[in-house]
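The values are calculated or read from the model by the stated rules, or taken from the named source; none is laboratory data. Fair warning: this is a prediction, and the values are worked out from it, not measured in the lab. Using ideal geometry, Cβ is built from the backbone for each residue, glycine included, and neighbour counts are taken over all protein chains shown. These accessible areas exclude ligands, DNA and RNA; they are computed on the full protein's heavy atoms, side chains included. Shrake-Rupley method; radii C 1.70, N 1.55, O 1.52, S 1.80 Å.
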There are 2 protein chains.
Amino acid sequence: MTTLAFDADDPTLAATAWSRLAEPGDETAGALVAHLGAAGALAWLVDQQGSVLLEPAAPAQRALAAGVARWSPRLDGLDPRRELAVLERTGGTLLLPDDHRWPRGLDDLGTAAPFALWVRGDADLAAACHRSVALVGARASTSYGEHVTAQLAAGLVDRGFTVVSGGAYGIDAVAHRGALVGGGSTVAVMAGGVDRFYPQGNHELLRRVTENGAVVAEVPPGSTPFKQRFLARNRVIAAMARATVVVEAAWRSGALSTARRAADLLRPVGAVPGPVTSMASGGCHQLLRDGVATCVTDAAEVAELAGEVGRDAAPRPVGLRSAADGLGDAERAVLDALPARAAADVAVLCRVAGRSLPEVLGALGVLESRGLVRPDGGRWRRVAAGRG
Amino acid sequence: MTTLAFDADDPTLAATAWSRLAEPGDETAGALVAHLGAAGALAWLVDQQGSVLLEPAAPAQRALAAGVARWSPRLDGLDPRRELAVLERTGGTLLLPDDHRWPRGLDDLGTAAPFALWVRGDADLAAACHRSVALVGARASTSYGEHVTAQLAAGLVDRGFTVVSGGAYGIDAVAHRGALVGGGSTVAVMAGGVDRFYPQGNHELLRRVTENGAVVAEVPPGSTPFKQRFLARNRVIAAMARATVVVEAAWRSGALSTARRAADLLRPVGAVPGPVTSMASGGCHQLLRDGVATCVTDAAEVAELAGEVGRDAAPRPVGLRSAADGLGDAERAVLDALPARAAADVAVLCRVAGRSLPEVLGALGVLESRGLVRPDGGRWRRVAAGRG
């Protein structure tokens, strides 16, 4: 029977203890803490160890018994003060859900929400995520995907958005870097503890993220970034950001799980298309085919997806204007009917254009006023473009 | 007052006359012919010329009066026998809507349906279009778009589809050529008369199309391919094919009008994504954003769009398989918890994986049976991949 080495009534220590006892996204632990409070749930767990819960009848009881069996091995030697001391040495901050700086989007996760966030950098995640987009994608990115990611990140910080991502190689790294280069704010959500930046090759990048945003984890310092924790981490990215955009992802990329989590939370999801010949865009195309994601091609379209109605509407592309723009059907038909270089009389124009005499005369008037045709001795001819 | 030089009671000559008198898609003419028959409508028109329809009150009467004014200039010298003779010299066939070879999809156009089709090549368009896809796109295609079009066309003819397109340079030409190279059937719908292949540079290609499919127009031989006729022609492509796919199109490409016509007809519409950095894919992305088109990336997906439920379902992409596929959460957690090279005992695995003792023991059993772990003197270690 374990006894705890620390004051289990302290709300901070108790919440911190749960972020170590339960794996991210453990909904049984979440429900227990929601019901009893972190300190109450911890006291209950310590208490339960002695009792034997053999084959309980109700599903909820069975889930709790399984939880006790899952969490108890970690009670041994548990001391959140050590982990808080490590965080303090890094200059970091612990955020609890009742903090006004807690990103409120996480509340949508319900009982799967984190118990605490371990933050290095600017701890006001509520402010950072108020206007934010998660840009995620494959580690195995192409130069196309990296180019587009950098453009999107720069365009988004220009529009006042924070760029959220996972700190990984490939698309994630370019997203953070693009936000930093654009002078904006960016948040990296780690799968392991914030005491050791992972992957090692992004150490300097993540250090710079702490200076212009934050590096965040829900697991305490010292936690290893296991595969399951990457998947669990993706739900935090999806819930923190206003919208999630996948730039490049192969069919089995983890970025797709972030997109599907965001869709489950009814957050807007975007996917950037790419060449169908590129495996690295296959996952994006699948999201588009499945109707999970909206097709987005530039920062304005992403801002429209993630931003406020009215403020962030993307302009419609207009393409090139031509002199024939805005002409009615009759005018276009008469213009088409005029030979390229010769003049034509009105009766011929009626026949060739398939229009009545009044229509042709009216159309010629409009075309003349636009400088597209001119009368020529009782007949009509085109005015050559550019000599207008 | 014009009198006709030919037998206006002959149904073929009368329908042919209307394909000359009215511009493609003239719904007033279509309604008149539907109501009175082609011969009756022609007799009525000849009759009407004498009467003066000044400012008629009802909208339908006004539309008819405007129609009479529009069609009458072309009565002068009208003789469909000349155009039929030209068609005969090319070895072509005239199809009327009551012909069993008429592509029934055109009926969905209602009063905007063609009065006749002038066909060079295999006149059984009903058979050709029974299983068909329109592949359309920009004249200003990129090598990416051409590559994808050729792949799609080849894959579609492999699956027994006819490829319908517009015979233009760029994507259209590659679509026809891809179908021919694949030994399949293809139909080119022209905006001008079938006596002169347009554009001139595709002459040899279109000649080959007549040998493995058909070149088709709704306007008689001698008709010039005016701009308005290209737009009208697009509705024929959209209505003839079971589905329409845009491979590459800029924002103002005519191919987008074909897609929108197909959507209006409730036909499936697909768009092939491309690099967002390519203007030539901008129109495709707009169709995806507007929800007009489904994202399609290969021939299997196009076949699913255009084909029959069950017969043509596209396989889901699977990606690469890994040894950890099909593992449950507990097994994955235990596998993650095992150090890369050292052995670990069960108590440590419980703590690190955050799982109960029965879960860890069960998971080790599954992992051992898959050859992923092995016991090692009371502890457990990973089996290195590849030495399994």
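Structure above, values below:
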{"read-out": "Candidate residues B:W71, A:W251: accessible-area rank, largest first, probe 1.4 Å", "value": "A:W251, B:W71"}
{"read-out": "For region B:329-382, the Rg and Dmax computed from alpha carbons only, in angstrom", "value": "9.4, 26"}
{"read-out": "Spin-label pair A:D10/A:V346, simplified geometry with 7 Å Cα→Cβ offset, distance in nm", "value": "9.7 nm"}
{"read-out": "Computed Rg/Rh of the protein assembly as shown, alpha carbon atoms with Kirkwood Rh", "value": "1.14"}
{"read-out": "Probe 1.4 Å, accessible area per residue of region B:268-362, Å²", "value": "43 Å²"}
{"read-out": "Ratio Rg/Rh [Cα only; Rh per Kirkwood] for region B:95-306", "value": "0.93"}
{"read-out": "Geometric extent, Cα atoms of region B:1-149 - Rg, Dmax (angstrom)", "value": "18.4, 59"}
{"read-out": "GNM result for chain B, Cα springs below 10 Å: residue of B:V216, B:V360, B:V269 fluctuating most strongly", "value": "B:V360"}
{"read-out": "Formal net charge of residues neighbouring A:D195 (Cβ-Cβ distance under 10 Å; K, R +1; D, E -1)", "value": "+2"}
{"read-out": "Counting DSSP beta bridges with both ends in region A:95-306, the antiparallel % (nearest 5)", "value": "20 percent"}
{"read-out": "DSSP beta bridges in chain B [antiparallel fraction, %, rounded to 5]", "value": "40 percent"}
{"read-out": "Residue-averaged 222 nm ellipticity for the protein assembly as shown, from DSSP H runs of 4+ at -39500 (n - 2.57), nearest 500", "value": "-13500 deg cm²/dmol"}
{"read-out": "Net charge contributed by nearby residues that have their C-beta within less than 13 Å of B:E301 (K/R +1, D/E -1)", "value": "-1"}
{"read-out": "Mean projection area, nm², convex hull over Cα of chain A", "value": "27.3 nm²"}
{"read-out": "Extension gain (nm, one decimal) between B:R311 and B:D325, 0.36 nm per residue minus Cα-Cα", "value": "2.1 nm"}
{"read-out": "Among beta bridges that DSSP assigns inside the protein assembly as shown, antiparallel share in %, nearest 5", "value": "40 percent"}
{"read-out": "Exposure of B:L357 as accessible area (Å², to 10), given a probe of 1.4 Å and all protein chains", "value": "90 Å²"}
{"read-out": "Reduced Cα scattering model of region A:254-388, Debye log10 I(q)/I(0), q = 0.09, 0.15 Å⁻¹", "value": "-0.55, -0.72"}
{"read-out": "Net +/- balance of residues flanking B:V216 in space, Cβ distance below 10 Å, scoring K and R +1, D and E -1", "value": "+1"}
{"read-out": "Compactness index (Cα Rg / 2.2 N^0.38 Å), region B:11-78", "value": "1.03"}
